[in-house]
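> Just passing along the structure, written as C-alpha cells.
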Amino acid sequence: MDGLFHKLRNLDAYPKINEDFYSRTLSGGVITIASSVLMTLLFFSELRLYLHVVTETELVVDTSRGETLRINFDVTFPALPCSILSLDAMDISGEQHLDVKHDIIKKRIDVHGNVIEARQDGIGAPKIETPLQRHGGRLDHNETYCGSCYGAEASDEDCCNSCEEVREAYRKKGWGLSNPDLIDQCKREGFLQRIKDEEGEGCNIYGFLEVNKVAGNFHFAPGKSFQQSNMHVHDLLAFQKDSFNVSHKINRLAFGDYFPGVVNPLDGVQWMQQTTYGMYQYFIKVVPTVYTDINGHKIQSNQFSVTEHFKSDEVGRAQSLPGVFFFYDLSPIKVTFREQHVPFLHFLTNVCAIVGGIFTVSGILDSFIYHSQRAIKKKMEIGKFS
C-alpha cells in the first residue's frame, strides 16, 4: 500500500513549496488584485449571458403550401380624399379583390393632419327627393324601390338602389361612369358634391388584407377598378379631375404578426409627389419567418426587403395609373429564430477558461516582472562594486 501511495505522490503535478521559501513582492500584490478584479468582472459577464436567453438563427427551405398571408398597413395620403381612394389586391393565381372595404378603416384628415371623420365604408348622403324607379316614374308610397342600372343590369330583375350599386354594375360591365350627375342615384346622394366638399382633404387608411401566399400586388389608387380587355383599369372620369397627388406616408407596413427584433423597412417612409401625374412602386421580397420563444410558443410571420421606383407622366398617362403600388414576391427560404438558454456545461467551461486563463497570464506577467527586477538589481550591484 505504501508503494502505491508513493507512486501516486510522484504523479502530483502540483508540488507544494514550504512557506519559508515564499518571496512576496509589491508587484505580485498589484497583479493579484488586478487579476482578481478582472476575473470577477468576466465571471459576472458570463453569468449574465448564461441567465439571459440567446436567439439561434437557421435557414431552411420553405415547404408550406396553401397558407394565407396577412398584410397589415397604415398609410396616410395628405392630398387624396377618402371618397375617391380605393384599395385593390390581386395575385398570380388570378384571384382579385377589387375596391376592398372589409377590415379597413378610412379617416378623413385636414391639411394639418387632424382627423375630421372615421368610417369603415363610404359615407351615405340623405336622399333629397323621391327616387326614380327603373321604369322611369318616381317612387310612390305603396311601391318597392328598384332603381335603374342604366343598361348595366346582369338580368331584368337587377336593381341599383344607390350610386355605389350603379358604379359597381358599371364596373362589372367594364364601363366607365363619365358623368355621375346623369345618374339619378348619384345626383340624389350628392356624389360629386361630396367629392367637392372633400377637396383639399387627405385620407388615412389602415387595416389588413388576407391574401394567398403567392406573389401578387396591392395598390391604393383613385377611382373604382374594373377589368377591360384583360387589363386592370380605374374609372377616373367620374371625378372630373386633371391630376391626382399620391404623396403618401407609410406609418406601418408588416407582412404578418410582430415578433421580437423584427424591422419593417417601410415604417415611417414618406414621399412627396412633385409632378402632376405618377405611379409610385414598391418591389418587396417577403421572407417567411418563424420565431419560437423560450416557452416553445411559435409566431408565424415574415420579414421583407424593398426597392422603390417612381414612374412619372413622362411615359404617358395611358401607361401609368396614378397610385401607390406594392408588388411582393415570396422567398423560397424560411428563416427560423429560436430562443434558448446557454447550456450549463458551456457556462462551466467558459468559467474555467476565464479563471485558468487569467491565473496563468498573471503568473507569467508576475514572473517576468520579478525576474526583470532581480536582473536590474543585480546589474546595479555589480556596477556599484566595480
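> Report the gain in length on full extension from ILE294 to LYS7: 0.36 nm times residue separation, minus Cα-Cα distance, nm rounded to one decimal. List each step's numbers first, then the result.
Details: separation 287, 0.36 × 287 = 103.32 nm, distance 5.15 nm.
The span from ILE294 to LYS7 would gain 98.2 nm if fully extended.
> Calculate, for LYS173 and LEU345, the FRET efficiency according to 1/(1 + (r/R0)^6) with r their C-beta to C-beta distance and R0 56 Å; round to the nearest 0.05. Numbers along the way, then the final one.
On the way: r = 73 Å, r/R0 = 1.30.
With a Förster radius of 56 Å, E is 0.15.
> Tell me which lysines have Cα within less than 26 Å of LYS7's Cα, excluding those fewer than 8 residues away on the same chain?
Excluding near neighbours in sequence, the set is LYS16.
> Additional query: Here are some pairs, LYS101/LYS196; LYS107/LYS249; LYS298/LYS334; which of them have Cα atoms lying more than 19 Å apart in this structure?
Beyond 19 Å: LYS101/LYS196.
> For GLU95, GLU189, what's the largest-to-smallest order of accessible area, 1.4 Å probe?
On the way: GLU95 70, GLU189 30 Å².
Largest to smallest exposure gives the sequence GLU95, GLU189.
> VAL61 accessible area, nearest 10 Å², 1.4 Å probe?
Approximately 100 Å² for this residue.
> Across all directions of projection, what mean area in square nanometres is found for the Cα convex hull of the range 267-382? Mind dumping the intermediate values first?
Values: hull surface 71.6 nm².
For the range 267-382, averaging the hull's shadow over all directions gives 17.9 nm².
> Please calculate the 1.4 Å probe accessible area of TRP175, with all protein chains present, and give it to the nearest 10 Å².
100 Å²
The values are calculated or read from the model by the stated rules, or taken from the named source; none is laboratory data. The shown structure was predicted, so the numbers you read here are calculated from the model rather than taken from an experiment. Every residue, glycine as well, gets a Cβ built from its backbone with ideal geometry; the counts of neighbours run over all protein chains shown. The protein model used for the area step is the full one, side chains on, heavy atoms only, and it has no ligands, DNA or RNA in it. Shrake-Rupley method; radii C 1.70, N 1.55, O 1.52, S 1.80 Å.
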